[in-house]
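The values are calculated or read from the model by the stated rules, or taken from the named source; none is laboratory data. Computed from a predicted structure; not experimentally measured. Using ideal geometry, Cβ is built from the backbone for each residue, glycine included, and neighbour counts are taken over all protein chains shown. Ligands, DNA and RNA are excluded from the accessible area calculation, which covers all protein heavy atoms including side chains. Shrake-Rupley method; radii C 1.70, N 1.55, O 1.52, S 1.80 Å.
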Amino acid sequence: MKTCKKIANKYLLFVVVALWLRFTLSAFHQITYDPIIAGFSLNALGSISVVLLGILVLPNLTFRLRQYLVFYAFFSIIIVSGLVNSEIKGLINVLVKWGYFFVLSAAIFMSLRLQSNKIVFKALLVPFLLPVSLQVLSVFLGEVKATENDGSASYIGGYNHEAAFSMIIVGFILVMGWLERKTIRFHAPLFFGALFMLLLVNYRTAMLAVLPVMLIFILTMLSERFESKYKLPILVFASIPIVMLGLILSSSLAERFSDISIVINNIDGLIKAPVYFTEAEKDIFSARVYLWSQYLTAFFSADFLHRMVGMGPEHWDGLFSHYAHNAYVSYIYEYGYLGITAFLSVNIYLLKQALKNRSKVLGQKLFFSVLGLMVMSLSTMPLWNIEGLICYALIAGTIFAKGQPPLTREVA
């Protein structure tokens, strides 16, 4: 409330309130996840309310921005796939999620057109106070969630699932990493503290997503502190503790990541129909490879029309025991060749636009933020949860606001 009172930018105010609402409702999942009205939960009603409020708050010009044309193409394919396959319920669910993404990213775009990056990013950190505080409390109180077969535990602050909570921490790390140096006190310690928090979440795919951003942050921090002639020796000496930390983490997480090397080294032998998987092969990569085989086998067995537009939004629900745990596999199954092509085009467009930022450093960070999510999508589905779409919206909105001249208050 103290932060909101200081925000003069209504679009930034909308984003801060929307993030706070989502993180708060998700924290009380024992109450907010149960259906209460017409099959909708409080969490779902909160998301729908944010979408409707965003449509009312945003100016009409945001819906005509050329930057979103590639997204509109992707959304159109989702609609066609849903109608062709009569997956109306799944279509509504998916459109609400992407509507959430759109209003949030457009509001970020407008916020950055009216105020500086420093003001906007600093305000965006505030909604993360609740989930971050709850995770810290879960560490001190020993409140863990043990879901892995190797006996490891996840500190997720009492939230429902480590996948969604990991994306909250990823969002916190991204915003912290985008901030200019000296914007907040203890910037570097807080950033590295957030990385340690992500390790405590114990969701390995999320760890891979932030590695590029972490490296850019470290290199930028070091290069800004020293004159050009001292940069090379400083970077060499600084790499020593980084390498040592990497060795420590790699040894402690070796078992957690060992399946990745198995998949890479045996990729040819694992490309086959699910009926040919042995019991041992079914367990590789937490059964992900077996899941991908099920989805892809079903897709390639379909007729031409369904291979083009897919089986429909969330068609897997009720047919397979788990979602695909791979965004690319899921999108080609649900939206066909057209859908996966559109999704890849969206990400390639974001990568290209990120490098056009007026700030070279921020542009690099945004580039690697997109790249991190693309890598993460190889073994999970970060954009299936609202929390993942929040990260995507923050990235896209910031990229699109790259080098635009400031809007006047009257236009806004």
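Only residues that are among the small types (Gly, Ala, Ser), open to solvent by 20 Å² or more (accessible area, probe 1.4 Å) and in a loop (DSSP other than H, G, I, E, B) were counted in segment 157-204, giving 1. Checked across segment 34-55, the condition of being among the β-branched types (Val, Ile, Thr), touching a residue at least 12 places away in the same chain (Cβ under 8 Å) and farther than 22 Å from GLY171 by Cα holds for at least one residue. Every listed requirement among (1) at pLDDT 85 or above; (2) out of contact with any Gly (no Cβ under 8 Å at 6 or more places or on another chain); (3) crowded, with 17+ Cβ neighbours inside 10 Å is met by PRO382 save one, (2).
Got a sec? Which of TYR392, TYR335, TYR349, TYR328 is at pLDDT 90 or above and over 18 Å from the mean Cα position of the chain (by Cα)? One residue alone meets the criteria, TYR335. I'm trying to understand the selection: among the residues of segment 277-297, which are in contact with a helix residue (DSSP H, G or I) (Cβ under 6 Å, 6 or more places away or on another chain), among the hydrophobic types (A, V, I, L, M, F, W, C) and at pLDDT below 85? PHE277, ILE284, PHE285, VAL289 - these are the residues of segment 277-297 that are in contact with a helix residue (DSSP H, G or I) (Cβ under 6 Å, 6 or more places away or on another chain), among the hydrophobic types (A, V, I, L, M, F, W, C) and at pLDDT below 85.
Picking from residues in segment 28-55 that are in a strand (DSSP E or B) and not aromatic (Phe, Trp, Tyr), the one that is nearest to ILE156 (Cα to Cα) is SER41.
In segment 325-376, which residues are of a type in the set (Ser, Thr, Tyr), closer than 16 Å to ILE395 by Cβ and either open to solvent by less than 20 Å² (accessible area, probe 1.4 Å) or not in a helix (DSSP H, G or I) (or both)? SER359, SER369 - these are the residues of segment 325-376 that are of a type in the set (Ser, Thr, Tyr), closer than 16 Å to ILE395 by Cβ and either open to solvent by less than 20 Å² (accessible area, probe 1.4 Å) or not in a helix (DSSP H, G or I) (or both).
Table: residues versus (1) assigned to a helix (DSSP H, G or I); (2) more than 23 Å from ALA194 (Cβ to Cβ); (3) open to solvent by 30 Å² or more (accessible area, probe 1.4 Å).
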| site | (1), (2), (3) |
| --- | --- |
| TYR68 | yes, yes, no |
| ILE78 | yes, yes, no |
| SER81 | yes, yes, no |
| LYS89 | yes, yes, yes |
| ILE92 | yes, yes, yes |
| VAL103 | yes, yes, no |
| LEU112 | yes, no, no |
| LYS118 | yes, no, yes |
| PRO127 | yes, no, no |
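Among the residues of segment 136-157, the ones that are among the polar types (S, T, N, Q) and modelled with pLDDT of 90 or more come to 1 in all.
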